[in-house]
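The structure appears right after this line, and notes come after that.
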Amino acid sequence: MASPMVGVALVNALLFGVYGFFMDIQMKNPGDDPTLMQIYLAGTGSGIVNSCPMELSKIRLQNQDQGAGMVKSGSSGLGTTFYKGPMDCFKQTYRQGGIRACYRGLWSTILRETSYGPYFLSYEIFCRALTPEGQRTQDLSSGRLVIAGGFAGIAGWLSTYPTDVIKTRMQAQHDSLPKSQQFKGVWDCTKHMYREEGFRVFFRGVNATVIRAFPCNAATFLVYSMAMRALMPAAPEEALA
């Protein structure tokens, strides 16, 4: 349990850190409120930077009991040894397919991670809509931050959900399969899924994802906002109070 939790913490730290970096390089005056376009660009950029092989490891660990030839480790892909953890998954993947195998589904991951543009954008829009007249979004109550963060999570997931399904299907496919049976890329995987399962396959599991997205992202943005408030230096008038 500790390993996945540490991984999630590192990914979120990278995401919000890169988001802040992209915001800083766009802002001429740090004291100004960012435009919605600046927020969207910073969010999209942070998502692209956040695309990494960790997704492949996560998918294979989550699906390794789904059947032989998909995600079981071993030289033939039909063995009985399962991945013991993220590093073991990387080692087994590298051993079977080299460095390229570790980046399987990278383009679909990048497409999925562009959802952080709508994610951060919708959070800002909800925050501004919930801010009472004469107040700042930085002073929103915890309850309103929870609402904004929860709905931002839903908006972010819905914006690129089909690409997440495609990414998962590509990354769950094991490298031990014959080359002729492996997906050749995002478009090849998309065509195969549509031909075999129809349009609805691209929204499989969306209801569960939306239900999970609200509490998960509400907590994420609440903790992030509270941490930023605690770390930010007090305004001059507050310091003198």
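What order do you get for Ser46, Ser225, Ser159 when you list them from fewest to most C-beta neighbours inside 10 Å? Could the numbers behind the result be given before it?
Working: Ser46 24, Ser225 20, Ser159 17.
By the 10 Å Cβ count, ascending, the order reads Ser159, Ser225, Ser46.
Based on the alpha-carbon gyration tensor of the stretch 89-189, what equivalent-ellipsoid semi-axes (square roots of 5 times the eigenvalues) come out, in whole Å, largest first?
Values: eigenvalues 331, 34, 16 Å².
Listed largest to smallest, the semi-axes of the stretch 89-189 are 41, 13, 9 Å.
Projecting each Cα onto the charge dipole of the stretch 53-230 (Lys/Arg +1, Asp/Glu -1 at the beta carbon, about the Cα centre), which of Gly153, Ala129, Thr163 comes out farthest on the positive side?
Result: Thr163, furthest along the dipole toward the positive end.
Would you calculate, for the chain, the mean residue ellipticity at 222 nm contributed by helices, counting each DSSP H stretch of 4 or more residues as -39,500 (n - 2.57) and dividing by all residues, to the nearest 500? Walk me through the numbers before you get to the answer.
Numbers: 10 runs with 162 residues, N = 241.
Here the helix-only value at 222 nm equals -22500 deg cm²/dmol.
Most fluctuating residue of Thr220, Thr109, Thr35 in a GNM of the chain with Cα springs under 10 Å: which is it?
Among Thr220, Thr109, Thr35, the largest mean-square fluctuation in the Gaussian network model of the chain belongs to Thr35.
Would you mind ranking Ser142, Ser51 by Cβ crowding within 10 Å, fewest neighbours first?
With the fewest neighbours first, Ser142, Ser51 line up as Ser142, Ser51.
Among Met228, Thr93, Val201, whose Cα sits farthest toward the positive end of the charge dipole of the chain (+1 at Cβ of Lys/Arg, -1 at Cβ of Asp/Glu, about the Cα centre)?
Thr93
Given +1 on the Cβ of Lys and Arg, -1 on the Cβ of Asp and Glu, and no further charges, what dipole in debye does the chain carry about its Cα centre, rounded to the nearest 20? Mind showing how you got there, number by number?
Details: 23 positive and 17 negative charges, 246 e Å.
The calculation lands at about 1180 debye.
Taking the chain as a Gaussian network, where each spring joins two C-alpha atoms under 10 Å apart, which residue of Glu55, Glu124, Glu197 fluctuates the most?
The residue that fluctuates most here is Glu197.
Sorting Phe214, Phe199, Phe183 on the 10 Å Cβ count, fewest up front, what's the list?
Details: Phe214 18, Phe199 9, Phe183 21.
Taking fewest neighbouring Cβ atoms as first place, the list is Phe199, Phe214, Phe183.
Any chance you could give the angle, 0 to 90 degrees and rounded to 10, that helix 142-172 forms with the longest Cα principal axis of the chain?
With both axes taken from Cα atoms, the answer is about 20 degrees.
Applying a 10 Å radius around every beta-carbon, put 19-26, 110-117 in order of their mean neighbour count, most first.
Ranking, from highest mean packing down: 110-117, 19-26.
What are the lysines whose alpha-carbon lies under 19 Å from the alpha-carbon of Lys58, with same-chain residues fewer than 8 places away excluded?
Straight-line reach from Lys58, under 19 Å: Lys72, Lys84, Lys91, Lys167.
Just Val206, Val186, Val146 to compare: in a GNM of the chain, with alpha carbon springs under 10 Å, which one fluctuates most?
Highest fluctuation of the listed residues: Val206.
Average the reciprocal distances over every distinct pair of alpha-carbons in the chain, invert the result, and give the Kirkwood radius in Å.
By the Kirkwood definition, the hydrodynamic radius is 19.8 Å.
Can you give me the relative contact order of the chain as a percent, contacts being Cα pairs under 8 Å and 6 or more apart?
20
Bear in mind these aren't lab numbers, they're just calculated from the coordinates by the rules spelled out. Please read these numbers as outputs of a predicted model, since none were measured by experiment. Using ideal geometry, Cβ is built from the backbone for each residue, glycine included, and neighbour counts are taken over all protein chains shown.
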